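The values are calculated or read from the model by the stated rules, or taken from the named source; none is laboratory data. These numbers come from a predicted model, not from an experiment. Cβ coordinates were reconstructed from backbone atoms using ideal geometry, including for glycine residues, and neighbour counts include every protein chain displayed.
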Amino acid sequence: MVSVITPMGSIIVWNVCGLGGREKKRCLRNLGRKFDLHILGILETKLETLNDFTIIAIWGRHPRAWYAVPSLGLSGGILCIWNPDLFCVSSCSVAMNGRILHIEGTFTRSNLDCLVSFVYAPNGGNLKNELWTYLVTFRDSVSKPWCLAGDFNETLFPSDRKGSSQITSSMTRFKNCIDGCNLMELPLNGRKFTWSRGNVASRIDRIFVSGDWLQTFPSSTLFGLSKYSSDHRPLHLLLDSTN
């Protein structure tokens with residue numbers, strides 16, 4: 001008899017580049033079925049309004065709760081859906097004009113009280129620098145295990161961009177932000193790049209966690225999934241407490 005290992009947590013974050021079409025919703029629903037998700041973070045919805053019919057199309061009729069940050073026209077938008085039986089949310093808050101969604105809650109299987117933050121960073125340099133400054137300052141108020149996930153629209157190393165060998169000032173500012181937040185990046189399994197269009201490819205989607213997060217989930221593992229009707233790959237974070 002083959003034993004089934006139940007994960008302590010399962011999170012997917014994906015920049016869908018617009019949530020309006022049926023194909024995206026179908027892909028998201030299939031991901032939810034395949035990976036038994038606790039939390040789903042959807043970036044760049046490009047939707048100003050959402051309703052429970054849309055959530056059901058994405059999540060099915062499984063136990064669900066959700067919080068949406070509306071887009072500004074066809075720009076941005078963040079949606080988080082979670083299973084309240086597996087992740088009990090205590091608060092949701094929005095920062096940086098809708099670029100960040102903070103979700104505080106508890107993974108019921110491990111009783112971990114934590115913070116999960118979804119980020120959709122701007123392309124513009126000045127706005128991006130403001131976001132980095134905000135994150136470093138915000139870190140001082142975080143007193144629980146923290147997971148920072150999303151599309152950062154920036155690379156950390158030259159190897160993160162296909163054919164690149166140069167360290168840029170914007171990379172350095174991003175690295176200083178992550179160092180200032182005292183976060184560690186999880187290695188990406190299965191893929192080198194998370195975004196591609198034609199012959200251009202880069203790693204701009206990432207997940208970072210704090211040291212106390214890794215103390216609880218030392219076997220946290222990050223996977224890059226196959227591309228589905230978006231320039232970005234979904235990232236799947238599987239949480240386990242075993243060493």
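Quick notes
- Whichever residue in the range 109-119 is modelled with pLDDT of 95 or more and either among the polar types (S, T, N, Q) or in contact with a Gly (Cβ under 6 Å, 6 or more places away or on another chain) (or both) and, among such residues, is nearest to Leu74 (Cα to Cα): Val119
- Boolean, Gly105 is assigned to a loop (DSSP other than H, G, I, E, B) and not aliphatic (A, V, I, L, M): no
- Single residue of the range 48-73 satisfying the filter (among the aliphatic types (A, V, I, L, M) and in contact with a helix residue (DSSP H, G or I) (Cβ under 8 Å, 6 or more places away or on another chain)) that is surrounded by the most Cβ atoms within 10 Å (Cβ to Cβ): Ile58
- Filter pass, Ser117 being in a loop (DSSP other than H, G, I, E, B), of a type in the set (S, T, N, Q) and over 24 Å from Gly20 (Cβ atoms): no
- Inspection of the range 161-170 identifies no residue that is surrounded by 13 or more Cβ atoms within 10 Å (Cβ to Cβ), within 20 Å of the chain's Cα centre (by Cα) and outside any strand (DSSP E or B).
- Residue list for the range 95-151, filter: of a type in the set (Gly, Ala, Ser), over 18 Å from the mean Cα position of the chain (by Cα) and under 16 Å from Pro84 (Cα atoms): Ser110
- Of all residue pairs spaced 6 or more apart or on separate chains, those with beta-carbon atoms under 8 Å, a first member in the range 46-72 that is at positive phi and a second member that is part of a loop (DSSP other than H, G, I, E, B) and of a type outside the set (Lys, Arg) are Lys46/Cys17; Lys46/Gly18; Lys46/Leu19; Lys46/Gly20; Lys46/Ser71; Lys46/Leu74; Lys46/Gly76; Lys46/Gly77.
- Count of residues meeting criterion [surrounded by fewer than 19 Cβ atoms within 10 Å (Cβ to Cβ) and among the small types (Gly, Ala, Ser)] in the range 130-155: 2
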